[in-house]
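The values are calculated or read from the model by the stated rules, or taken from the named source; none is laboratory data. All values derive from a computational prediction rather than experimental measurement. We place every Cβ from the backbone using ideal geometry, glycine too, and count neighbours over all the protein chains shown. Protein only, heavy atoms only, side chains kept; ligands, DNA and RNA dropped before computing areas. Shrake-Rupley method; radii C 1.70, N 1.55, O 1.52, S 1.80 Å.
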Amino acid sequence: MALVAEYRTTAQPDRGIVEVYDADAYEADREAAVRSRAEVVAGNGYHLYLHTLQPDLRVEVAIRIWDGPQDPPTDAEGHTDISLESETGDLVVNQLTLGPAGTTRLPRPGVYAGHAWWAGRQTAADYYDQNIRGGVRQPTTTEEVGRAREQSPVTERYTFDLWFLRECEPEDEEA
């Protein structure tokens, strides 16, 4: 299968959460966000929540659109099946309190199936715990914390491999 489109950005998790959602899906889903703690990535069809093991080191988020189903890579630390409906064709990668980290346009609006997979999750958490949260070399000033964040030798990555399934169902406009 061929790669149709790819988008990458970095985002800073807030309390370990980064969101990916359709630009018109403003309603947050607390239940899905809570499920992401156990499932790493969880959603409700319009919102996907990814949950890191560390609270604020920047992570890489990739959204890849394929022309057909893909298998997750064999070297991924973990993966889960996902679906995402985008009525607008515009996706937002959001940092909860900092706002959008970026947006991308899908090849077309619709319902997408796929999987999310991740790498570097545990290694980033270990780095954070050892160098920022209270390890032997715990920073004591804001500047030292900033340097420790910037000097992280690990890039925590989350990839959303998606493929088009079908058009969105028309909304029922009964009053």
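A few comments on the model shown:
- Solvent-accessible area per residue for the chain (1.4 angstrom probe, square angstrom): 54 Å²
- Our helix-only sum for the chain, with -39,500 (n - 2.57) per DSSP H run of n ≥ 4 divided by its residues, gives a mean residue ellipticity at 222 nm of -4500 deg cm²/dmol.
- Cα gyration tensor category, rounded, prolate or oblate, for region 32-123 with a/c compared to 1.5: oblate
- Net charge contributed by nearby residues that have their C-beta within less than 13 Å of Trp66 (K/R +1, D/E -1): -3
- Extension gain for the segment Asp75 to Ala38, taken as residue separation times 0.36 nm less the Cα-Cα distance, is 11.3 nm to one decimal.
- Within the accessible area of region 1-106 (1.4 Å probe), percent carbon and sulfur: 47 percent
- Taking other residues whose beta carbon is less than 11 angstrom from the beta carbon of Asp161, and scoring Lys, Arg as +1 and Asp, Glu as -1, yields -2.
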